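Trainee: Dropping the structure in here first, questions after.
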Amino acid sequence: MTVTKPKLKKHKWGAMHDKVRMIAQALHNGEKPDVKALAAQFKCSNTYVYLLISEARKMTGITKPPSKRGSQLSRAVELKRAMANQPLPITIEEPKADMVNHPPHYTAGGIETIDYIQAKLTPEEFRGYLRGNILKYSSRAGLKGDADEDLGKMVWYANKLKSLS
């Protein structure tokens, strides 16, 4: 088997370092450099070996094969580009109004209707109003709209009545 010497580009050091030449020869033969083994052989750090491998790649023109992470990134970039021209399947839902504690139709004018009613009635009249609503929502639960909403309103009025005691 004949091993041909790689064609090396002119290096900035002038004379090639033996270590870089050895790594360049291994790259030319299709071998993957073992950084830890080379660091032990050269009695240097892994970082220095990476520098030597980089220089050897520059001189031989042999590029580093794509890493698995690189291929995953390129797939992600391709997917991003493909999706760039398609509308996103996103729907924005308006937040649901709290129909039990703060119905939006009861806050027109900047004050909740319940607060206005309480301000206009005597304490005894207001308690009667609350009792009437407790009876109304408990008796119609499920007959007009959502039963859970009606029962929620009944509980709300009961809690309001309890807070007055």
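Just so it is clear, none of the values below were taken in a lab; they were calculated from the coordinates. As the structure is a computational prediction, the values presented were derived from the model and not from experiment. Cβ coordinates were reconstructed from backbone atoms using ideal geometry, including for glycine residues, and neighbour counts include every protein chain displayed.
Trainee: If you put +1 on each Lys and Arg Cβ and -1 on each Asp and Glu Cβ, how big is the dipole of the range 85-165 around its Cα centre, in Debye rounded to 20?
Mentor: In debye, rounded to 20, the range 85-165 gives about 400.
Trainee: Here is the link list: Lys120/Lys160; Lys36/Lys58; Lys96/Lys153; Lys136/Lys160; Lys120/Lys162; Lys32/Lys58. Which ones come out longer than 18 Å on Cα distance?
Mentor: Result: Lys36/Lys58; Lys120/Lys162 exceed 18 Å.
Trainee: Report the semi-axes of the equivalent ellipsoid for the range 104-164 in whole Å, largest first, where each axis is √(5λ) for an eigenvalue λ of the Cα gyration tensor.
Mentor: In descending order the semi-axes read 21, 15, 9 Å.
Trainee: Can you work out the FRET efficiency for the pair Ser163 and Leu143, with r the C-beta to C-beta distance and R0 = 35 Å, to the nearest 0.05?
Mentor: Once rounded, the FRET efficiency stands at 0.80.
Trainee: Okay, next question. Full extension from Asn46 to Thr122: what is 0.36 nm times the residue separation minus their Cα-Cα distance, to one decimal in nm?
Mentor: 18.7 nm
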